[in-house]
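One structure is given here, and the rest of the page talks about it.
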């Protein structure tokens, strides 16, 4: 069994999709069980939004639980643009796993996210010139990898190219990656002295190196057609084009003002009745909450809504929103069943039979082929 720790739910689901693509069975948990039978076990630590000390404690506790299952090896999924407590989490894992080095490859060149000349580029633009400059928790003020990783940590070495430099004997090694060929060469560099870490494409390259062939991904032509679909937009990254595409796909938009406190239930019953009527009538609903701390309020809405109307497909856009929402709902066990596109994964909610959950990172666009099945 391969164990994976991810710092948010969409990252965990993305890794699960990669495992499916390589023909492996996979289970995803927000709270680890005592045993697991899948080829790949993925857990979401939900640590990106915690304080540094709380994130370290969460990762250490989850790692110790995972170690009891004796995985063949462990992968640390990090954000592709290095948001969160990347270095502190890697440092504690390196210490507890008794590894001398981390090989960190955050780039996803297939999604045009690369590391070149010590900087992160997305679709040819420097990181701080993209939508990530507006990230509410980790706004990008620059694109330099070492600054993003907080170079006051002695563990971090330098950003290395794939050729011409010897790898340090200890510490966190970050690899420049501009294309798939370089990604595969970094995978060939990995050995047991390294804790492997980074994006989903590096995990895929490691699986490929270990002999797991990539499988063709065939999408059902009517995946979301003729279904009751609820889509929660839990990300600040939106666009008029995206709104228009959903409207063309027959989605009705429902905006909900969220009270400052989750304990404030005023108007909740009325919202539930309106939402139940809309989804029965329209069948396809986009829920757009406005206000801070909306996840617990939306979880209360969904719990009550599921008692009133059947929902076939629940979509959450935004990794942090997904992590928090699922914890409020007490859903912690999932069986990934389909990688719709890289990073967009459909799962069966084990605590709620009959409900499929699709999770998409807020910073990922819906690929063109998805509109044909949406």
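The values are calculated or read from the model by the stated rules, or taken from the named source; none is laboratory data. Given the structure is predicted, the values throughout are model-derived calculations rather than measurements. Methodologically, a virtual Cβ is constructed for each residue, glycine included, from the backbone with ideal geometry; neighbour enumeration extends over all protein chains shown.
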Point to revise | Candidate set: region 291-321, residues that are within 18 Å of the chain's Cα centre (by Cα) and farther than 16 Å from residue 353 by Cβ; chosen: the one surrounded by the most Cβ atoms within 10 Å (Cβ to Cβ) | key: 319
Point to revise | Per-region count, region 287-319, residues closer than 26 Å to residue 7 by Cα, outside any helix (DSSP H, G or I) and touching a strand residue (DSSP E or B) at 6+ places or on another chain (Cβ under 9 Å) | key: 12
**Study point:** Single unsatisfied condition, residue 1 versus (1) touching a helix residue (DSSP H, G or I) at 6+ places or on another chain (Cβ under 6 Å); (2) under 25 Å from residue 342 (Cα atoms)
**Key:** (1)
Point to revise | Selected residue [in contact with a helix residue (DSSP H, G or I) (Cβ under 6 Å, 6 or more places away or on another chain), in a strand (DSSP E or B) and either at pLDDT 90 or above or surrounded by 20 or more Cβ atoms within 10 Å (Cβ to Cβ) (or both)] from 324, 339 | key: 339
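For region 235-250, check the following and say yes or no: at least one residue is outside any helix (DSSP H, G or I), touching a strand residue (DSSP E or B) at 6+ places or on another chain (Cβ under 6 Å) and not assigned by TED's automatic domain parsing to the domain that holds residue 107.
Filtering region 235-250 for residues outside any helix (DSSP H, G or I) gives 235-239, 249-250.
From what's left, touching a strand residue (DSSP E or B) at 6+ places or on another chain (Cβ under 6 Å): 235, 250.
From what's left, not assigned by TED's automatic domain parsing to the domain that holds residue 107: 235, 250.
Scanning region 235-250, I find at least one residue that is outside any helix (DSSP H, G or I), touching a strand residue (DSSP E or B) at 6+ places or on another chain (Cβ under 6 Å) and not assigned by TED's automatic domain parsing to the domain that holds residue 107, so the answer is yes.
When residues of region 175-231 are filtered for being in a loop (DSSP other than H, G, I, E, B) and either more than 30 Å from residue 372 (Cα to Cα) or touching a strand residue (DSSP E or B) at 6+ places or on another chain (Cβ under 9 Å) (or both), how many remain? Walk me through it before giving the result.
Here is the first cut: in region 175-231, the ones in a loop (DSSP other than H, G, I, E, B) are 176, 178-179, 190-193, 199, 210-228.
This time we only want the ones that are either more than 30 Å from residue 372 (Cα to Cα) or touching a strand residue (DSSP E or B) at 6+ places or on another chain (Cβ under 9 Å) (or both), so: 176, 178-179, 190-193, 199, 210-211, 217, 219-220, 223-224, 227-228.
Qualifying residue count, region 175-231: 17.
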Review point. Checking residue 147 against (1) free of Cβ contacts under 8 Å to residues at least 24 places away in the same chain; (2) closer than 30 Å to residue 371 by Cα; (3) out of contact with any helix residue (DSSP H, G or I) (no Cβ under 9 Å at 6 or more places or on another chain), which test does it fail?
Key: (2)
Check your understanding: Can you tell me which of 99, 119, 77, 123 is farther than 25 Å from residue 156 by Cβ and in the same structural domain as residue 143 (by TED's automatic domain parsing)?
Key -> 123
Check your understanding: Applying the selection to region 136-171, what residues are at pLDDT 90 or above and part of a strand (DSSP E or B)?
Key -> 144
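What do you reckon, is residue 368 outside the structural domain of residue 112 (by TED's automatic domain parsing), within 27 Å of residue 248 (Cα to Cα) and more than 17 Å from the chain's Cα centre (by Cα)?
Spelling it out, residue 368 is indeed outside the structural domain of residue 112 (by TED's automatic domain parsing), within 27 Å of residue 248 (Cα to Cα) and more than 17 Å from the chain's Cα centre (by Cα).
Among the listed residues 38, 19, 91, which satisfies the condition of being under 28 Å from residue 176 (Cα atoms), in the same structural domain as residue 173 (by TED's automatic domain parsing) and in contact with a strand residue (DSSP E or B) (Cβ under 6 Å, 6 or more places away or on another chain)? Steps first, answer last, please.
Numbers: 38 fails: under 28 Å from residue 176 (Cα atoms); 91 fails: in contact with a strand residue (DSSP E or B) (Cβ under 6 Å, 6 or more places away or on another chain).
Result of the check over 38, 19, 91: 19.
Table: residues versus (1) over 17 Å from residue 331 (Cβ atoms); (2) more than 15 Å from the chain's Cα centre (by Cα); (3) part of a helix (DSSP H, G or I).
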position: 3; (1), (2), (3): yes, yes, no
position: 15; (1), (2), (3): yes, no, yes
position: 32; (1), (2), (3): no, yes, no
position: 38; (1), (2), (3): yes, yes, no
position: 55; (1), (2), (3): yes, yes, yes
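For region 176-191, name all the residues that are closer than 27 Å to residue 98 by Cα and in contact (Cβ under 8 Å) with a residue 12 or more places away in the chain. Walk me through how you get there before you give the answer.
Pass one, region 176-191, residues closer than 27 Å to residue 98 by Cα: 176-177, 183-191.
Passing the criteria: 176, 177, 183, 184, 185, 186, 187, 188, 189, 190.
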